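The values are calculated or read from the model by the stated rules, or taken from the named source; none is laboratory data. As the structure is a computational prediction, the values presented were derived from the model and not from experiment. Using ideal geometry, Cβ is built from the backbone for each residue, glycine included, and neighbour counts are taken over all protein chains shown.
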Amino acid sequence: MKDEPRAHPFRDSHQDAETAKHLPDTPQTRSPAYRLAYADTDFMCREELRPVRLQLELLKPQMLLDERGIISTVVMFGGARIPEPAKKDTARTKTLAELSAYYDEAREFARRVTEKSLATYGKEYVVVTGGGPGVMEAGNRGADDAGGASIGLNIVLPHEQAPNPYVTPELSFNFHYFAIRKMHFLMRAKAIAVFPGGFGTLDELFESLTLIQTRRMEPIPILLFGTDFWKTIVNWEALADAGTISAEDLDLFRFVDTAEEAIEVMEGWGQG
């Protein structure tokens, strides 16, 4: 966080939190009631404090990204189980092994996007992923290949996990609330690249499409990597034929198969 000049003469909250660690040991000072509210983890985790926790999860990444000067991002969604080609023999299924080709496409796409970002001094088109393995790792890795920064938005899961090693440490965030994490994915987004994946990938894709379809979000390029994959798992035309979506809703996204094709579509989006 930035050290802002103090605009008031009162003691700093850090000073009092440090002082409170060295109070005389008495029944009163040992009582949970005596803890400073903002330094009391048990208090901050109470049910009634959920609105405050939601606000804090929104504010912390927002403030740090603002301080970094980041204006816009390119979001990359995709499966955590897709291995890099060199490790495709570890894939759980033959299809996952075949999808490993998209690890390299994700890495190349992120590299090219980050080169574009570096031309703006790292303020525009910054790659953001979920910070995990698979396609997410490929995205952060591609940004690292280009010598640029990238963002990772992790979330606490029941099994142990850590951010992939290619996320810029100062831009590696951890969340408790899925809803706030989703907001941070899209708040600065100039494009969304969606690679083959599972429930989480589908969730993010359809939420993004819904926000644009209902005009809760400005239209931006949505690039679906893997034409055969996406046309196999979703019968898009059947949705339009049934009338559950409009025919023009099929224009909210484009199918692509390579990083080069994706960059061309992204740069030509909305030009007819």
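Any residue in region 131-146 that is within 20 Å of Ala119 (Cβ to Cβ) sitting within a Cβ distance under 7 Å of a residue that is of a type in the set (A, V, I, L, M) and surrounded by fewer than 24 Cβ atoms within 10 Å (Cβ to Cβ)? List the pairs, counting only those 6 or more apart or interchain.
Ala143/Ala149; Ala146/Leu118
Give the residue that is farthest from Ile220 (Cα to Cα), with candidates limited to residues of region 154-178 that are in contact (Cβ under 8 Å) with a residue 12 or more places away in the chain and in a helix (DSSP H, G or I).
In this case the residue turns out to be Glu170.
Sort through Gly147, Gly122 and tell me the only one that's of a type outside the set (A, V, I, L, M) and farther than 15 Å from Ser72 by Cα.
Gly147
Would you check which residues across region 185-194 are touching an Asp or Glu at 6+ places or on another chain (Cβ under 9 Å), crowded, with 21+ Cβ neighbours inside 10 Å and not β-branched (Val, Ile, Thr) and list them?
Passing the criteria: only Phe185.
Does Gly142 meet the test of being closer than 17 Å to Ala191 by Cα and within 13 Å of the chain's Cα centre (by Cα)?
On the way: closer than 17 Å to Ala191 by Cα: yes; within 13 Å of the chain's Cα centre (by Cα): no.
In short, no.
Tally the residues that are in contact with a strand residue (DSSP E or B) (Cβ under 8 Å, 6 or more places away or on another chain), among the small types (Gly, Ala, Ser) and more than 18 Å from Met187 (Cβ to Cβ), restricting the search to region 108-137.
Looking only at that region, the number is 2.
Please go through region 102-160 and give me each residue that is acidic (Asp, Glu) and surrounded by 22 or more Cβ atoms within 10 Å (Cβ to Cβ), ordered by number.
The answer is Glu105, Glu137.
Here are Glu67, Glu57: which of them is acidic (Asp, Glu), at pLDDT 95 or above and farther than 24 Å from Lys116 by Cα?
Only one candidate qualifies: Glu57.
Being surrounded by 15 or more Cβ atoms within 10 Å (Cβ to Cβ) and among the hydroxyl-bearing types (Ser, Thr, Tyr) is the filter; apply it to region 63-101 and report the residue that is farthest from Ser208 (Cα to Cα).
Ser100
Considering only residues that are among the polar types (S, T, N, Q) and either surrounded by fewer than 21 Cβ atoms within 10 Å (Cβ to Cβ) or touching a Leu at 6+ places or on another chain (Cβ under 8 Å) (or both), which ones fall in region 161-172?
Gln161, Thr168, Ser172
Which residue pairs have Cβ atoms closer than 7 Å, lie 6 or more positions apart in sequence or on different chains, and pair a first residue in region 55-77 that is closer than 29 Å to Gly197 by Cα with a second residue that is polar (S, T, N, Q) and outside any loop (DSSP other than H, G, I, E, B)?
Met76/Thr129; Phe77/Thr201
Taking into account only those residues within region 22-62 that are among the small types (Gly, Ala, Ser) and loosely packed, with under 11 Cβ neighbours inside 10 Å, which is nearest to Leu186 (Cα to Cα)?
The residue in question is Ala37.
Within region 35-54, does at least one residue satisfy the condition of being touching a residue at least 60 places away in the same chain (Cβ under 8 Å) and among the hydrophobic types (A, V, I, L, M, F, W, C)?
Yes, region 35-54 contains a residue that is touching a residue at least 60 places away in the same chain (Cβ under 8 Å) and among the hydrophobic types (A, V, I, L, M, F, W, C).
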